[in-house]
1. Does Asp115 qualify as being surrounded by fewer than 15 Cβ atoms within 10 Å (Cβ to Cβ), touching a Gly at 6+ places or on another chain (Cβ under 7 Å) and under 14 Å from Asp151 (Cβ atoms)?
2. Counting only residues that are assigned to a loop (DSSP other than H, G, I, E, B) and modelled with pLDDT under 90, which one in the stretch 172-209 is surrounded by the most Cβ atoms within 10 Å (Cβ to Cβ)?
3. Of the residues that make up the stretch 152-160, is at least one at pLDDT below 95, of a type in the set (Gly, Ala, Ser) and over 26 Å from Ala82 (Cα atoms)?
4. Select, from Ala36, Ala45, the only residue that is exposed (fewer than 12 other Cβ atoms within 10 Å of the Cβ), part of a helix (DSSP H, G or I) and modelled with pLDDT under 95.
5. Which one of the conditions (1) within 25 Å of Ala195 (Cα to Cα); (2) modelled with pLDDT of 95 or more does Val80 fail to meet, given that it meets all the rest?
6. Answer yes or no: is there a residue in the stretch 59-76 that is crowded, with 23+ Cβ neighbours inside 10 Å and under 17 Å from Asp169 (Cβ atoms).
7. Which of the residues belonging to the stretch 85-104 are among the hydrophobic types (A, V, I, L, M, F, W, C) and touching a strand residue (DSSP E or B) at 6+ places or on another chain (Cβ under 6 Å)?
8. Consider Gly156 against the criteria (1) touching a Gly at 6+ places or on another chain (Cβ under 9 Å); (2) surrounded by fewer than 24 Cβ atoms within 10 Å (Cβ to Cβ); (3) of a type outside the set (Val, Ile, Thr); (4) closer than 25 Å to Leu70 by Cβ: it satisfies all of them except one. Which criterion is unmet?
Amino acid sequence: MPSTDTSTHPADTATTHGIGRIGAPRRTAQLLPLLAEADLLDSPAAWGSTTTPAGAFRLEPVRPARDLELLTRWMNDPEVNAYWQLAGPAAVIAAHLRPQLDGDSSSIPCLGLLDGTPMSYWEIYRADLDPLARHYPARSHDTGIHLLIGDGTNRGRGLGTTLLRAVADLVLDNRPRCTRVIAEPDIRNTPSVTAFLNSGFRCSAEIDLPEKRAALMVRERALRNLL
């Protein structure tokens, strides 16, 4: 599994760089029977927009014909590549997207639009059906998030905290069977870990993943009203 972040990625001063990713989800044969009956993710496009201190934010599933050039530019930013490790021509990015776009919809790549402008990339995925589940006590319908903020002008402004809170709320509002939102930033990525903590996540544990030591970040539905 490739390394990354704020799934192996940064956050606030950098929250901006991938906020966590172990890599494109790969299913084992044992999981396939579960997928047939699982309520996966539906479409984040139907979740609508939410008002944040930075503006109106919404998720829109990636369309390669429209978005590949933009994502390629973001992934080739040295600050982003340090965590996502996907620098290269558009074919590299397309190969990363393809398993998600052609798969079982248990991971959905999205653009994050702030006041209508694409400024971040997200992967919303079923953490309990992902290889990550081998490394922590997963619960049914745990939903994972990976994030990078693509434009350097949006980094270092606290947007990571704002957007992580907004997306976690969107997940919990639209996935009633999901009791937790999960992320696994690189433990060395202090800005990313800080952004998660500031947006209502707690560090549940440190876990060893194939390409990084990660902070297992958890945001509980039960604690939402206390934030």
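1. Yes: the conditions hold for Asp115.
2. It comes out as Asn189.
3. no
4. From the options Ala36, Ala45, the qualifying one is Ala36.
5. Evaluating Val80 over (1) within 25 Å of Ala195 (Cα to Cα); (2) modelled with pLDDT of 95 or more leaves (2) as the failure.
6. Within the stretch 59-76, one or more residues are crowded, with 23+ Cβ neighbours inside 10 Å and under 17 Å from Asp169 (Cβ atoms).
7. Leu97
8. Result: Gly156 passes all but (1).
The values are calculated or read from the model by the stated rules, or taken from the named source; none is laboratory data. Just so it is clear, the structure is predicted and the values come from calculations on it, not from any experiment. Neighbour counts are summed over all protein chains in view; Cβ atoms, including those assigned to glycine, are modelled from backbone coordinates with ideal geometry.
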